[in-house]
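Working notes for the structure below.
No lab work stands behind these numbers, since they all come straight from the coordinates. Because the structure is predicted, anything quoted here is derived from the model rather than measured. We place every Cβ from the backbone using ideal geometry, glycine too, and count neighbours over all the protein chains shown.
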Amino acid sequence: MTFSLSRRTALMGTGALLATPAFAQRAPIRLGGLATLEGPFATGGQDGFRCVQMELERINNTVGGRRIEFIRESSNAQADVALARARKLIEQDNVDIILGPLSGAEGIALRDYSRTLTGKTIVNGSSGAADTTLRNPSTNFFRFNTDGTQWMAGLGNHVFRTMGIRDVAIVAGDYAFPYAQVFGFNIEFCRAGGRTTHYWAPLGTTDFGSQIAQINRSDVGALVVVHGGTDGLAFMTQYAQAGGNKPLIAGSIMADQSMLSARGPHRRVMVGMISSGPIADVIDDQSWRDYVERYRRRWLNEGGFQSPSIHGVNYATNLAGILTALAAVDGDLSGNQAAFQRALAAARFKAPTGADVRLDHNRQAISDIFINRVEERDGRAQVVAFSRANGINQTLNTPEAAFLALGSPSRDNPGCVPAAT
Amino acid sequence: MHSRVLLWSALGLALLLVMPWLLLQALPQNQAQFWTANILGRGIVFGIIAMSLTFLATYGGFISLAQMMVAGVAGYTLAIFVDGAVPRIAGGLGYGLAIPLAILAATVMGLIVGAIAVRTRDIYLLMITLALAMGIFRFIETNIAWFNGYEGIRNVVGPDVFGFDFRNAYVFYYIALGTAGALYFGVLYLVRTPFGLVLQGIRDNPRRVAALGYAVGPHRIAAFGVAGFIAGCGGVLATIYNIGISPGSIGLGATVNVLIMSVIGGLGHPIGAFVGSLVFTFFDTFSASIYDRERFNTLIGVVFLVIVLLSPDGLLGAGARLRKMLGGRDAP
């Protein structure tokens, strides 16, 4: 205790000594990063930090004439751990802005925590639960990535109309983010006339044997997999080993490099999988191709993926929101960050994918969604975008009151509303 | 021996009483507050839960892995019944009623665990309590109607205590410290009562105690009830500290953390729980700053390993051994 204290004080003292002789330089902006470096989404969290580091290196850690100090913290996808780390970032490390967290339940916990803060801002990392911003939003919580429901825009209609599939089995994690994804899929699919059977499993499940046995015995037309991280890997591995051969539809964090880069039998069944989300490995857009090229140059030899993951791009998008706003106010965070938060709410910029990003009245992103297919290209599986919907908002471009009336996504309310009269 | 323990405990308590003030002198205001609430306060709260394990281990000889789950029962009872929690499950009670109800629920759960585990010892007791803890954890995690599944119940902000807001770091700290102090001295008192002496007799030789005419089983179950009460107090404080509770707070990781705290501190005396939990909380919070952020769990593991290797009876044992080496006077 005393050791760290004295070391900390000594370091701060040294820092002060070094800083004083310099000409009136403004104090650095302290940016806290929170991602899951442990637990089921560890690979996604690492990639989030990779994309943040790459962007900060590109701008030489400076924006609006102020240096940015980036302080990393790690959680494990549990709400209470994320909360403890966020408290440490705010109170001990004295950060001005938190960039994070990565997963759904953590996002809701931090949204609630942000309410207790004044003069601090939390900008989401990659969490995608709908209710984080849709219901009871917090005035200093901003999200520049689209949410799990938005990511499914267009997929349900594609499966029903283009692929002609009438009933599906849905396997999904039993918490906020998959609820949002299933909700988004079902709204279109059920409204078109489709039927769904749901199989829920808690986050951190490793054995999906009984669910897979039931699915393989049933005569559904396709399987929708809304797992991610290690759960997704476990499910797909076991599904492949059990000889599963139904057409596969996937949630947004399933058809992703964090999955395709892992070795195992799952890669065989994943080719041909249809999915939707805010990114794809191959998008017909020059700024995205440049971004992927930069990512590969920077990270391919340091443990990075063949192309950035969804979590990496979400962190980069949210960081871009922060940097855009900081540039707009010239790095000025005074007045309890009021001007900065106004600039955040008004920020308009392009995400790495080339998609336009702006915020709605709940400080939630409106942006583009891609429909993708996993294809074998250059000798490896890649997620290829073949369709793109521009400017999808949080209520899937339906009237907000009607959308809110559908209720909060949950296991008991998976969004399966039959066609209206 | 006993009076010396009391003296040291009183000294420790006095030190903890003035710690917030000392921290304010040494650190900037917001950091002092962080240390008060999130290192010392959190350490004390988890120390209470760890002490329920240490109590059973020291005086009964039972290593129960169900204590975090029992604390969680209190936390969930509070979250289910108190007004203002999100989502509203039952609601309708103020903190004045919900907190006693929560502690009662934990005590009952402690008795149930004791009753189920009453015939087992050693590794079998460990396994049966672990199985109970994991069973309840899985049930809570998958039940939406009562426990809201993986996300748990949030917005348990805590009561106003005599006009002071519980969310104030110092109010929280002194309530946690007061609770811990009362429970700690309560345990020291309890083990000197006839009940406590019989309990220690059962630990050392259950057959002989039975031959003397004492009912071994009910005593063991009652000990689990007392431990449940202690864990319940900790569970209520932990839930308010975390502004809610989710299954992750009572899962395998949390269960093992409580065991680690107890072992780091030493299972020889209830004070070990607090020593262990403060050390654990410190490393849990700061290892990422001291060591590589992507590998900080390694540091926590190494610290644990070193303590257990050098001193199988935890930091308490290390202290005793040090005293013996230096003076060799009255080693325990």
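Determine, at each q value in 0.11, 0.13, 0.14, 0.16 (inverse angstroms), the log₁₀ of I(q)/I(0) that the Debye formula gives when each Cα of segment B:22-250 is one equal point scatterer. Those come out to -0.57, -0.77, -0.87, -1.07, one per q. Computed over chain A with a Gaussian network model linking Cα atoms closer than 10 Å, the most mobile of A:253, A:369, A:165 is A:165. How much mean residue ellipticity at 222 nm does chain A get from its helices, if each DSSP H run of length 4 or more adds -39500 (n - 2.57) and you divide by all residues, to the nearest 500 deg cm²/dmol? That calculation yields -11500 deg cm²/dmol at 222 nm.
For chain A, the relative contact order comes to 19 percent (Cα pairs under 8 Å, sequence separation of at least 6). Against chain A, whose longest principal axis is taken from its Cα atoms, helix A:42-58 shows a tilt of about 50°.
Report the extension gain between residue B:15 and residue B:29 in nm, rounded to one decimal, defined as 0.36 nm multiplied by the number of residues separating them, less their alpha carbon distance.
Working: separation 14, 0.36 × 14 = 5.04 nm, distance 1.94 nm.
Length difference between fully extended and current span is 3.1 nm.
Kindly state, as a whole number, the per residue volume in cubic angstrom of the convex hull around the alpha carbon atoms of segment B:1-108. Show your work: numbers first, answer last.
Working: hull volume 16.7 nm³, N = 108.
For segment B:1-108, the hull spanned by Cα atoms encloses 155 Å³ per residue.
By the beta-carbon count within 10 Å of each Cβ, the least crowded to most crowded order of A:69, A:293, fewest first, is A:293, A:69.
Based on the Cβ-Cβ distance of residue A:290 and residue A:139, what FRET efficiency does E = 1/(1 + (r/R0)^6) give at R0 = 25 Å, to the nearest 0.05? All intermediate terms of the calculation are to be shown ahead of the outcome.
Values: r = 35 Å, r/R0 = 1.42.
After rounding to 0.05, the efficiency reads 0.10.
By the helix-only formula, in which each DSSP H run with n ≥ 4 contributes -39500 (n - 2.57) and the sum is divided by residues, chain B has a 222 nm mean residue ellipticity of -23500 deg cm²/dmol. Averaging Cα coordinates gives a centre for segment B:120-162 and one for segment A:161-225; these two points are 28 Å apart. Each peptide in B:162-171, B:223-232, A:397-406 gets a packing score, the mean of other Cβ atoms within 10 Å over its residues, and the list from highest to lowest is B:223-232, B:162-171, A:397-406.
Of all the Cα-Cα pairs you can form in segment A:282-421, what percent are over 24 Å apart? Working shown, then result.
Numbers: 4738 of 9730 pairs.
Summing the P(r) tail past 24 Å for segment A:282-421 gives 49 percent.
For segment A:63-99 versus segment B:259-329, the spacing of their alpha-carbon centroids is 27 Å. Could you work out the percent of alpha carbon pairs in segment A:49-101 separated by over 11 Å, rounded to a whole number? Every Cα pair in segment A:49-101 considered, those over 11 Å come to 72 percent. Counting only the Cα atoms, the protein assembly as shown fills a convex hull of 180 Å³ per residue.
Across chain B, the relative contact order, built from alpha-carbon pairs under 8 Å that are at least six residues apart, equals 28 percent. Only alpha carbons enter this Debye calculation for segment A:135-227, each as an equal point scatterer, and the log10 of I(q)/I(0) it gives at q = 0.11, 0.12 Å⁻¹ is -0.36, -0.43. Comparing B:21, B:146, B:35 in a Gaussian network model of chain B (Cα springs below 10 Å), the most mobile by mean-square fluctuation is B:21. Taking Cβ separations below 4.7 Å as the criterion for a possible disulfide partner, the isolated cysteines in the protein assembly as shown are A:51, B:233.
Starting from a Cα-only point model with no solvent, please compute log10 I(q)/I(0) by Debye for segment B:185-302 at q = 0.09 1/Å. Cα-only, vacuum Debye calculation for segment B:185-302: -0.37. What is the sum of charges, Lys and Arg at +1 and Asp and Glu at -1, for the other residues whose Cβ falls under 10 Å from the Cβ of residue A:219? Net charge around residue A:219: +1.
Could you list, bin by bin from short to long, the percent of Cα-Cα pairs of chain A in 20 Å steps? Binned Cα distances yield the sequence 28, 57, 15, 1. Give me the angle, in degrees from 0 to 90, between the Cα long axis of helix A:286-299 and the longest principal axis of the Cα atoms of chain A, rounded to the nearest 10. Compared with the principal axis, the helix lies near 70 degrees. Computed over segment B:161-204, the P(r) curve from all C-alpha pair distances, binned at 10 Å from the origin, holds 26, 30, 20, 17, 7 percent per bin. If you build a Gaussian network model of chain B, linking Cα atoms that sit under 10 Å apart, which residue out of B:274, B:286, B:304 swings the most? Among B:274, B:286, B:304, the largest mean-square fluctuation in the Gaussian network model of chain B belongs to B:286. Relative to the longest principal axis of the Cα atoms of chain A, the long axis of helix A:104-115 makes an angle of roughly 40 degrees.
Of all the Cα-Cα pairs you can form in segment A:213-294, what percent are over 22 Å apart? Don't jump to the answer; show the numbers that get you there.
On the way: 942 of 3321 pairs.
In whole percent, the share of Cα-Cα pairs in segment A:213-294 beyond 22 Å is 28.
Segment B:71-109 and segment B:185-202 have Cα centres spaced 30 Å apart.
Of the trypsin sites (Lys or Arg not before Pro) found in segment A:192-272, those in coil by DSSP whose Cβ has at most 15 other Cβ atoms within 10 Å are A:263. Close amide H contacts of residue A:279 (hydrogens built in the peptide plane, cut-off under 5 Å, sequence separation of 5 or more or a different chain): A:370.
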